[in-house]
Each structure stands twice: as C-alpha cells, then as structure tokens.
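Let me begin by presenting the structure, written as structure tokens, before commenting on it.
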Protein chains: 2
Amino acid sequence: MLISTKGRYGLRSLADLVFYGQKKPVPLRVIAERQGISESYLEQVFALLRKAGIVNAIRGSYGGYVLARPAHQITVGEVLKALEGPLTLASCASGGTTTECDKMDTCLTISFWQELSAKIDEVLSSTTLQDLVDKVQAARKGPDPRKDKN
Amino acid sequence: MLISTKGRYGLRSLADLVFYGQKKPVPLRVIAERQGISESYLEQVFALLRKAGIVNAIRGSYGGYVLARPAHQITVGEVLKALEGPLTLASCASGGTTTECDKMDTCLTISFWQELSAKIDEVLSSTTLQDLVDKVQAARKGPDPRKDKN
DNA sequence: TTCTTAACCTAGTAAGTTGATAGGAAAATA
DNA sequence: TATTTTCCTATCAACTTACTAGGTTAAGAA
C-alpha cells in the first residue's frame, strides 16, 4: 500500500466534508462515524490539515471543521503532501525536480523515476476535492445508459 | 519515499546487468560494488527476482546472474511487483482492478485511486529494462543540440 | 457561572517494516 | 581438494504505523 491510512482517511474525510457538509462546521465525531474511522486518530489527521491551511477549525459547541478554501481550489496532491510528506519515489526524483546525488552520471534509473513522478504529479495536481465529489454525484443520478467501459 | 530500497536497488542492479553485462553471468559482488550496495542485502533482493523468473542464477565459480529473458521483455512493473509486492494505492484500487469493500457505494475516493493506479500501471508496464539503458546510452552520446525541454 | 461541546495537545504503545549483518550449506569449476 | 558463488536462515536496531488515553483550552448554551 503506497499511501498510508493518514492519506486515505484524510482524503476521504475531506471529500465527506464537501459531500455532506454545508457552510456549517462539521465536528470530527460526525465524519469519523460516517466514514468508520477512529475519532481520536482523525484528530491527528486534521491537525495536519489545519497546519497546512486546508481546513479551518472552529472550537466550542456548534464548532467543527470547514474547508479553508472552496473545494475546487484544493487539490488532492496538496492534501496528500500535507499528510504523507513529499511523495518522492526515489531520493533523486522528487515531484518533477532533480535532487543531486553522487552518482547522477552513472545512475541508470533517474529518468525513469522522474518520468513516473511527473505523471503522478499530473494527476494529483489536476484533481480537486470538488472533482471527487462531482464524480460520485454524477454516478448517483443513475448509471450512464451507455456501455460501462470505466 | 514510496518505493523502498528493495525496489530501487533491484531496478538499478538489473539495469546495471543490462548495461555492463554480456552473455556471461555477473556475480553479485561486482554489481554490489559498482552500485554501492551491500552485497548480502542484494542477495535477498536477487532471491526474489529469481523466484519471480526475472533472473537465472548460475552457481559456482564463474557463476553469477543473467536475465531470464531479453531486457526488452522485462518491464519495470514486473520487477517492482516482485520486490515491493502489489503496488496498490488503496485496498480497493489495485492496479486497474476493483476489489470489493463494504463501502463501495458510499466511497468518495475509489475512482480517484483507480484512475491514478491506472496511470502508474501504464508507465510501469510500458517501460522495459532495455528502455532504461537505451535512454542513458542516448544521453551518453552527447546531449541533444535541440532545446532541452525535458 | 456552570455545563457541554469540541478542538487541541502530548505521551505512550503494540505490531509491523526496513535495511541491513552473520554464519553457514550446497553446487559448480579449477 | 580449494575456491568461488549462490542459497538459506536467523537475528537485530531503528523506524513507522495506527492507534489509545488523558488531559487542556476555547466557545456557546443553560
């Protein structure tokens, strides 16, 4: 499993926030229950999301979490980076950039890792939380009558 | 780091085998030294590669390892799968296929993980060991005089 | 003011993974 | 027989993961 529960829970919880949430703050208890995730573990996940400026927290009763920006301005890449750290494949190929390594000229795999990193980055930075929810809502309106090729 | 040293060392060692190797078996000691990797650790890596049918081993003096098939028939995906196990992102989205989960219908992230898995698979299964080496050898012949846009 | 809600913070922890090292057995060649 | 090299197993320290526990702080409600 390349992505840990931190990243998966976090992404699912944010999508949940977009899908079920209104403008009102949603307490973690609700999200945790709905998604079947330990509440206190989720607290730690949301602490990271808050520090990354992805959600805002409102304390006290009727408090909870809200997105810090509209859902279509928050990319999946941003979320995963906040929760999983930089998603590098090899130390010399981190998200499109090249870090120096003492074997650059003899390394036979650098360009492969770079190419793959770039492809992954492309998907991560072009998908927003809104996209995730839109896809589910489209599917909910009844399956497309055309041949299911996805 | 999404890929552990097992996968990275293994891929580099196989590329080394293609790049420097002739038809003659190459002992691990040579690869380990050339790539700066612990030899006994590399033994464990090659044990996995052998079990996966990627390399053949020849014991005794003048022994070593050779590729079990031509380099252009061995994909990077095959190698990484042998060393890292299945490269699933989430349990429900493993390499293009969909595993059942008890929240399929309410899960907001499945299709994203599937899309990403598919993109990764595309790169992994279309890149061979020969491709890795070709790219380095092309670069060795002097950089392309055209604008460097890669 | 007091109660309740919910974020916030820190520490601990069992289980698993990682990246090795060590020591030897078996096979093939010289 | 001696050497080379694969093969196999066990061990290990350090780290990560996925939690749980227990308490503090802030904000609204009674």
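Residues that are charged (D, E, K, R), within 10 Å of DNA strand C (Cβ to nearest atom) and out of contact with any helix residue (DSSP H, G or I) (no Cβ under 7 Å at 6 or more places or on another chain) within segment A:39-81 comprise A:Arg50, A:Lys51, A:Arg59, listed in sequence order.
Residues are listed down the side, and each one gets a yes or a no for (1) within 12 Å of DNA strand D (Cβ to nearest atom); (2) more than 14 Å from every other protein chain (Cβ to nearest Cβ); (3) at pLDDT below 95:
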position	(1), (2), (3)
B:Tyr9	no, no, no
B:Lys51	yes, yes, no
B:Ala90	yes, no, yes
B:Ile110	no, no, yes
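Within segment B:24-47, residues that are on the phi < 0 side of the Ramachandran plot reach partners that are within 11 Å of DNA strand C (Cβ to nearest atom) and in a loop (DSSP other than H, G, I, E, B) with beta carbons closer than 6 Å, at six or more positions or on different chains, in the pairs B:Pro25/B:Gly63. In segment B:133-148, is there at least one residue being among the basic types (Lys, Arg), assigned to a helix (DSSP H, G or I) and modelled with pLDDT under 95? Yes, because at least one residue in segment B:133-148 is among the basic types (Lys, Arg), assigned to a helix (DSSP H, G or I) and modelled with pLDDT under 95. As a summary of the residue check, A:Gly36 satisfies the conditions (1) in contact with a strand residue (DSSP E or B) (Cβ under 6 Å, 6 or more places away or on another chain); (2) more than 9 Å from DNA strand C (Cβ to nearest atom) except for the one numbered (1). Take segment A:62-88 and flag every residue that is touching a Pro at 6+ places or on another chain (Cβ under 9 Å) and near DNA strand D (Cβ under 9 Å from one of its atoms). Scanning segment A:62-88 gives A:Tyr62, A:Gly63.
Does B:Ser40 fit the bill of being crowded, with 20+ Cβ neighbours inside 10 Å, within 13 Å of DNA strand D (Cβ to nearest atom) and modelled with pLDDT of 95 or more? Spell out the reasoning first.
Numbers: crowded, with 20+ Cβ neighbours inside 10 Å: no; within 13 Å of DNA strand D (Cβ to nearest atom): yes; modelled with pLDDT of 95 or more: yes.
Judged against the criteria, B:Ser40 is not a match.
Considered as a group, the residues in segment A:1-32 that are surrounded by fewer than 21 Cβ atoms within 10 Å (Cβ to Cβ) and of a type in the set (Phe, Trp, Tyr) include one that is farthest from DNA strand C (Cβ to nearest atom), and that residue is A:Phe19.
The values are calculated or read from the model by the stated rules, or taken from the named source; none is laboratory data. Remember, predicted model here, so these are calculated numbers, not experimental data. When we count neighbours, we look across all protein chains shown, and the Cβ atoms used for this are built from the backbone with ideal geometry, even at glycine.
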